[in-house]
Structures are given as C-alpha cells and as structure tokens.
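Chemist: Below you'll find the structure I mean.
The values are calculated or read from the model by the stated rules, or taken from the named source; none is laboratory data. Computed from a predicted model, the values in this text were never measured in an experiment. FYI the Cβ positions are ideal-geometry reconstructions off the backbone, even for glycines, and counts take in every protein chain you see. Accessible surface is based on the protein model in full, side chains and every heavy atom, while ligands, DNA and RNA are left aside. Shrake-Rupley method; radii C 1.70, N 1.55, O 1.52, S 1.80 Å.
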Amino acid sequence: MKTGQAWRVGMGDMQILPGPRHRPPMKRPTWIIVLVSLVTVFLICAYMYPPQSSAACYVFSSRGCEAISNWLPPAPARELTDEELASRAVIRDILNTPPTKSEKSKIAFMFLTPGSLPFEKLWEKFFHGHEGKFSVYVHASKEKTVHLSRYFVNRDIHSDQVIWGKISMVDAERRLLAHALKDPANQHFVLLSDSCVPLHNFDYIYNYLMHTNISFVDCFQDPGPHGNGRYSEHMLPEIEKKDFRKGAQWFSMKRQHAVIVMADTLYYSKFRDYCKPGLEGRNCIADEHYLPTFFHIADPGGIANWSITHVDWSERKWHPKSYKARDITKQLVKNITSIDVSVHVTSDEKKEVQMWPCLWNGEQRPCYLFARKFYPEALDNLLMLFSNYTTI
C-alpha cells in the first residue's frame, strides 16, 4: 500500500513540461525553382548549341534569332589557325599598300566567253579614241575566237575548259586577273561576259571606276536553300555559316583587291573542295559564293555589295531575262540607267526583299555601267541606239 501511495505522490509532484510544438512544413516556392532551372538550362543550351535555322528561333521569340542573341553573352573569340593568321597578315599588308593611280592608269576589260564575242563592233565604238586608258583580255573556253575589232586582236589569253557551277569558272576569273595584273598600269579590273554591253560612254565609266576607292562585288546574305542552304560544315573553321555570302560573279575591283584574290589559297581551297554541284545533296555554285564570302571576311568595308552589271531577275526563273532585237529601245536603256537602288531577294519561304542605295563616294548614284543578257541579233539595233557614245 505504501508503495502505491508513493507512486501516486510521485506522479502528482512531477512537473509536466510542455512537449515540442509541431510546426507545419515550410511551403517552398517549388514552381519558381523549377522555372528558374528550366530557363537556365535553355540559355546554356542556346549558348552552346545555337539554332541552325531561323524557324527554330521563332519558337521562343516573335523577333527571331536576333532577340535570342541579345540575351546571350558574346561568344568567345575563336583562336585563328596558322593558315588564317598567315593569310590575314598577307591581305592586311597588300590592302595597306597605297594605290599608284596616275594619268596613265588603265581599266582592264576582261571578257569571259565560250567563243567569239558577238558585240565587238559595239565595243570598238566604245573604246575608240581612248587608247592608252584601257586593256582588253579574252578568255574563250570552247571555241577559237574570230575577232572583228583591232582592239581584240591578239588579246586572247591561255584558256581552259569552263563548266558552269564548278570551280573552273572561278579558275577562269583568276586566270584573267593574273594576265591583267602583269600590266602595272591596270588599276581597275572589270569582268564581262559575251552578252554584256556598255550603258554609258567611256569617260563616264572611266571616271566612275577610277575616282572611287572601293570594288564593286555583289554580296548579300541569303538564308534560303540557294544561299546558306549550300553551305558545307567542311569549310570550318575558317569559313563559318554566318559568314557565307552570295552574289553575281560579274565584278569590278581595284588593283589591291585583285592582288589579294590571286594571293588567296586558303579560302579558295575550301570552295574548290566543298562547293560544287551535287556535293552532299547540295548544288553549291562556286562562282556565286567564293568572292562574296572571301571579301566579306577579308575586307567587308572595301566593297560596295552590288555589281555594276545589270541583269533582270524579275521573272523569277532559273535564268535572267534576255533581250532580243525588238526589245532594244531608248526607254529600256533609260530604265536601266536610272536605277539607283540595289535589290536582292532571298530564296527562303519569306522571299525577303533586301534593298539599299547605290552609294558612290557617299552620294547616291545610278548603279549600273553595263548590262546583260543581250542576244547577238540585237547588235544592229544597239549600234543604232548608241551611234554616238559621246552623248550617253
């Protein structure tokens, strides 16, 4: 009994301490953590693996790739290869060489043709009276030429076969440049085809080309299948897709630019090996991409980004519009020579029209000095139209 009493007393005398309070678990903002994680992963992936097409960019932004690139830190500068360092050193040295223009400076007119030139009589009228201010070079790739004008006699250079779309077209251009560069008086170099005709008199064209310090090389960015769609990753690391450009082959360039084209082996070899019809399912046309891409990398500020030779692609066909005898009118020439805006259309679904003014020494001027493609039958009408070149 005493024991039980003692137990009861002990129980009654014990101080009952309050137990630990159970707090409800903290509500962490889980959804915020998940969202931040997803955004972080997306930005890291976008930085490491940038979108390869503009369509992918529009999934995340209505402004496309430009909006996404504004979020990202600048990509680290790529270390140049030994070949690039050597190439850029040579190019920089050549471009820093001051031009040696004088009263004896000449324009080299370089004709790339399969055979005889159908408009020699017209060119004879154009050249007459300006001896000492021009040189003529003819690269005939298929047939032996028969010349009707004294300005073209004995002006043929060693030629080789030219196949459309292949590097042999670029080789022919370089071959013409190599021969024209042998004359130190040649300070500007114009590439023309057998279907080209002049649109102005000689003095106008001479002053237009000699009194500016840029080259007229057609160059624009085409994100479509006939532009960047022809790019091959085998051109890496020297040529990145963002630097791949397109343009018409009919150029006019100053002497320093002609020299760096001849000095280039690095970029030329990339197009020789990886830009050809049918390679990897692409129809890469070397003469449409080599020079535009090369100058975009080597001296983007030294070219005008348009060609001074007009061609009409308004029909949107595989070949440009051609002019027959009945098409030759004063109005046609007036229409062409009044154009002062360069226009390019991309080959993607958007068919974006790219336009910029033709600036000559900062002043907007007509873009074109020459035009193509004219049928041989148009010769007589052209001779009548341009009977006196001093008034054009």
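Chemist: Where in the range 38-115 are the helices (runs of 4 or more DSSP H), entirely inside, with at least 3 residues that are at pLDDT 55 or above and either over 30 Å from PHE126 (Cβ atoms) or out of contact with any His (no Cβ under 6 Å at 6 or more places or on another chain) (or both)? First the steps, then the outcome.
Modeler: Numbers: elements: 54-57, 65-71, 82-95.
By residue number, 82-95.
Chemist: When the residues of the range 288-333 are filtered to those that are free of Cβ contacts under 8 Å to residues at least 60 places away in the same chain and hydrophobic (A, V, I, L, M, F, W, C), which remaining residue is nearest to PHE109 (Cα to Cα)?
Modeler: If we take residues in the range 288-333 being free of Cβ contacts under 8 Å to residues at least 60 places away in the same chain and hydrophobic (A, V, I, L, M, F, W, C), then PHE294 is nearest to PHE109 (Cα to Cα).
Chemist: If I filter the range 212-225 for residues that are surrounded by fewer than 16 Cβ atoms within 10 Å (Cβ to Cβ), over 17 Å from TYR368 (Cα atoms), modelled with pLDDT of 95 or more and of a type outside the set (S, T, N, Q), do I get at least one hit?
Modeler: Yes, the conditions are met somewhere in the range 212-225.
Chemist: Next question, about the same structure. Just for strands (runs of 3 or more DSSP E) wholly inside the range 274-360: which have at least 3 residues that are surrounded by fewer than 20 Cβ atoms within 10 Å (Cβ to Cβ) and not basic (Lys, Arg)? Steps first, answer last, please.
Modeler: On the way: elements: 277-279, 303-305, 341-345, 353-357.
Strands (runs of 3 or more DSSP E) meeting the threshold: 277-279, 341-345, 353-357.
Chemist: When you check ASN186 against the structure, is it open to solvent by 60 Å² or more (accessible area, probe 1.4 Å), in contact (Cβ under 8 Å) with a residue 60 or more places away in the chain and within 28 Å of THR97 (Cβ to Cβ), yes or no?
Modeler: no
Chemist: Among the residues of the range 206-226, how many are outside any strand (DSSP E or B), in contact with a Ser or Thr (Cβ under 8 Å, 6 or more places away or on another chain) and among the aliphatic types (A, V, I, L, M)?
Modeler: Going through the range 206-226 one residue at a time, the tally reaches 2.
Chemist: Based on this model, can you work out whether TRP306 counts as of a type outside the set (Asp, Glu) and farther than 27 Å from TYR268 by Cβ? Don't jump to the end; show me each part of the working.
Modeler: Details: of a type outside the set (Asp, Glu): yes; farther than 27 Å from TYR268 by Cβ: no.
Here the answer is no, as TRP306 does not meet what is asked.
Chemist: Could you check how many residues of the range 227-238 are touching a Phe, Trp or Tyr at 6+ places or on another chain (Cβ under 6 Å) and either outside any loop (DSSP other than H, G, I, E, B) or closer than 20 Å to SER87 by Cα (or both)? Working first, answer last.
Modeler: Residues of the range 227-238 that are touching a Phe, Trp or Tyr at 6+ places or on another chain (Cβ under 6 Å), as a first pass: 228, 231-232, 234-235.
From what is left, the residues that are either outside any loop (DSSP other than H, G, I, E, B) or closer than 20 Å to SER87 by Cα (or both) are 228, 234-235.
Qualifying residue count, the range 227-238: 3.
Chemist: To continue, here is another question. Kindly provide the set of residues from the range 239-257 that are open to solvent by 20 Å² or more (accessible area, probe 1.4 Å), in a loop (DSSP other than H, G, I, E, B) and closer than 14 Å to TYR290 by Cβ, ordered by number.
Modeler: Passing the criteria: ARG245, ALA248, GLN249, TRP250.
Chemist: Take ALA378 and decide whether it is outside any loop (DSSP other than H, G, I, E, B) and under 30 Å from ILE94 (Cα atoms).
Modeler: Details: outside any loop (DSSP other than H, G, I, E, B): yes; under 30 Å from ILE94 (Cα atoms): no.
No, not satisfied.
Chemist: Out of (1) modelled with pLDDT of 95 or more; (2) of a type in the set (A, V, I, L, M, F, W, C); (3) open to solvent by 10 Å² or more (accessible area, probe 1.4 Å), what's the single condition that is false for ILE163?
Modeler: If we test ILE163 against (1) modelled with pLDDT of 95 or more; (2) of a type in the set (A, V, I, L, M, F, W, C); (3) open to solvent by 10 Å² or more (accessible area, probe 1.4 Å), just (1) comes out false.
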